[in-house]
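Read-outs throughout are calculated quantities, based only on the coordinates presented, and are distinct from any laboratory measurement. Everything numeric in this text was worked out from a predicted model, so none of it was measured. For neighbour counting, all protein chains shown are included, and Cβ atoms are generated from backbone atoms with ideal geometry for every residue, glycine included.
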Amino acid sequence: MSKAIEKNKNEYSAKNINVLKGLEAVRKRPAMYIGDVSSRGLHHLINEVVDNSIDEALAGYNDRVLVTLNKDGSVTVEDRGRGIPVDLHPVEKRSALEVVMTVLHAGGKFDKSSYKVSGGLHGVGVSVVNALSEVLKAEVRRDGKIYFQEYRKGVPVDKVKQIGTYKGDQTGTKINFLPDSTIFKTTKFNFETVAERLRELAYLNKEVTMTLKDEAEGIEESYKFKGGLIDFVKYLDEQRQALHKPIYIEGERDNTPVEIAFEYSDSYSENVHSYVNNINTIEGGTHLVGFRTALTRTFNNYAYKNGLIKENSKITLTGDDFREGLTAVISVKVMEPQFEGQTKTKLGNSEVKSIVETIVGEKLSEYLEENPSIGKKIIEKCMRAAEAREAARKARDLIRRKNALDSLHLPGKLADCSINDPEHCEIYIVEGDSAGGSAKQGRDRRFQAILPIKGKILNVEKAKINKILENQEIQAIISAIGAGLGEDFDPSKSRYGKIILMTDADVDGSHIRTLLLTFLYRHMKELITVGKVFIAQPPLYKIKKGKEEVYAYDDNERDSIIKRMKSESKTKKEEVVEEVPKLADTINPKGILISRYKGLGEMNPEQLWQTTMNPETRTVLQVSIESAAAADKIFETLMGDEVEPRREFIEKHAKYANLDV
Ligand code: 0RA
C-alpha cells in the first residue's frame, strides 16, 4: 500500500470517528438541537428539511416543495432544487451527499451564497434529522443521474450509489425519514401543524408552491400565493374591516432585501408579524423598530405637510396611534443574522434598523403622494386612536388612584401563597367561586395562590381599553400578577413563575379559558412567549372498581382503563360477581363505575389536589406561540364578530391545535 493511500485511509477513518461522535452527541442530547422531544421537536424535523428546500428557492433554483405524511409514519420531502451535490468532497474525501447528511453543520461548509437560516432552532442541518431518524433515505437528481443513500440513525448503510438516470432537466432532492421512536415522546405528525408552517412559507415565498399530502387520510392541500405578503395581510384581516387596500413596499440595500405589506382595519389591536430569513421573529427586533420609526415619522410629516393636523392643534400622533388597527407583515433577508432574546427570535443586527427605515420612509412617502385619499383616511383613523388613548389614560389614572392595579393592594378574592419567590410560585386562575373554594383548601399554600374568577370575563377583542381597565375581574388579574399592563408590562415583575388557567371541561369552561388567553395574549404577551402560561388538565372521568379508583383524562385513557379492569375481572371472576352492586344502570356488568366530571366543583379539595394540582403527578399544558400569525388568527376567529367562521373553526380544530397547548 502506498503512503498516499494509507494517509487517505487514516484520514477517512478519523473523519468517520468524528461523524459518529457528532451523531452520538445529537442522539444523546436531542433537545440541544431541536428544542425538545415532544410533538414540537418532532415537527422541527420536517421544518429543517423544508427550510433547506426553501433555501434552494431563495437561491432561485426551486419552485415546488411536496411534503407527504406516509402511512408507515415516515415523511417525504421533495423539491425541485439543484439536488444535494454528490461529487467527492475535497476535504472529507467522500461524497458531498454523505457529508451533508452525516456531518453536523455541514451546510455551512458548502459556500451556499443564500441567506442563512440560523435563527432559533432552524438551520441545525439535515444531519440532525438524519441522526434522529430510525431510517432515512436520500435520493438526488443531478446531472441526468439519480443517486441514492440510506442511513440508520444517521449512519450510512452503504456508499452513495447511482440507481438510475432521468430524462429532461428536472433536478431535485427527495428525503424520506422515519423519526426514531426511542427518541421522541410521540412520532405522530399533525396535519394542521405542518400545514400551518407550509402555508406561512407559501405566503413568504410567493414563487413557491407548497403541497402537503396525508396518505393515511387521503387529503392533499396546496398553497401558492401569487400576492405573497399582500395575500398574507388580507388573510390575517379576513374577519376585520380593512380601511384600504394593503400597501406594499419592496426594496433592497446592502444585500438586504426588505418586503412589507400592511393595512389598517377597524380593529383596536396591533397585528404585526415579522420574519427574518423566513423565521418568525416573535420577539421582534431591529427590522421592526425600523419599520415603526419610519411609519410614525412619515405619516406625521405627511399629516402636517397636508394640513391634516393643524400646527396649533393639541393633538400629537405618537407611535402607539399608528399601531392601533395596524396589520402588517415584514419580511427581511439578512446575510449574517444575529438572534437574541429569551427564545432567540429577536433580530439584533443594528444596521437593519436604518435599512428598513430608509426604504419604508422613501416608498411610503411616494405612496402617500400618489394616494392622498388613503393617506387622509389613515390619519383620521389615527387621530381617533389618539383621542381614545387620551381617554384610556384618564381611565387608567382614575383606577390607579384607587390603587386597583398595583400589587400593593391585592384583590380580596386572591388567596396568596406564603413564600415570596416568584420563580417557585404559581397562581391558579380558577373558574367559579365553588371550584375556587376547593382549590383554596386543596392547594399547597406555600407556593400555590388561587384567584377565583366569576363567570365570563370581558372579551377584550371587542372592547376599548378603558372598558377593559374598568372590568373588576381583569383588574384582579392584573394586580395579582403584579407586572403591569400593555406598554408598561414587565414580565420580570410577575409575582408568579407559572400562571395556570383552570376551567371546567365543558363548553363554557373552554370559552372562559379562551377569554383569559385572549386577554393575556393581547396585554401580557411576553408571559406567553417566555412560557409562563399553562392550562390545568382536570380529569374527565373517575373509574372505580372495588377499592381501586383511577382517573382518566380523555376517552382513550378511559377505554384502556376499562379494558384492563375487565381483563383483570376475567382472571378473578368470582370476586367480581360478589361486588356487582344492585344499581346496574350506572354500573356496567363487570362492576366498573364510570363517572364523568362535569365541572371542577364536583371534585372535593383532596381530589382536586391529587388529580390536577399536585406538581408531582399533574399534567399542565404549556401555552406556546409557535407562530404568532396563527395565534392571532385563532383569537380573531374565536373572539371576533363573525359567527360562521368561528363555528367552522371550532369544528375543525376542537382544541387549540395551532397554539400547541
Ligand atoms: C448543499 C449544497 C447545495 C445544496 C444543498 C446542500 C441542498 C440541500 C437540500 C436539502 C433538501 N433539499 C436540498 N437541496 C439542496 C448547493 C448545491 C449547488 O451548489 O449546486
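Of note:
- Projected label distance in nm at His105 and His424, using a 7 Å step from Cα toward the beta-carbon: 3.8
- Sorted from greatest to least, the principal axis extents spanned by the alpha carbons of the chain come out as 93, 85, 45 Å.
- Going from the residue with the fewest nearby Cβ atoms within 10 Å to the one with the most, Met335, Met502 rank Met335, Met502.
- Inter-label distance for Gln472 and Lys71, nm, one decimal - labels placed 7 Å from Cα along Cα-to-Cβ: 6.1
- Applying 0.36 nm per residue to the separation of Ile315 and Glu340 and subtracting their alpha-carbon distance, the gain on full extension is 5.4 nm.
- Distance in nm between pseudo-label sites at Asn604 and Asp63 (7 Å out along the Cβ direction from Cα): 7.1
- With R₀ fixed at 45 Å, the C-beta to C-beta distance from Leu398 to Tyr304 puts the FRET efficiency at about 0.90.
- Note: the range 197-344, Cα convex hull, 159 Å³ per residue.
- Shape call, the range 242-317: gyration tensor on alpha carbons, a/c limit 1.5: prolate
- Per-residue ellipticity at 222 nm computed for the chain from its helices equals -12500 deg cm²/dmol, with DSSP H segments shorter than 4 residues left out and the rest contributing -39,500 (n - 2.57).
- On the basis of the beta-carbon distance and an R0 of 45 Å, Val507 and Leu20 show a calculated FRET efficiency of 0.25.
- With 0.36 nm allotted per residue and the present C-alpha distance subtracted, the Lys159-Phe191 stretch has 8.1 nm of extension available.
- Calculated FRET efficiency, Thr209 to His244, Cβ-Cβ distance, R0 = 30 Å: about 0.55 to the nearest 0.05.
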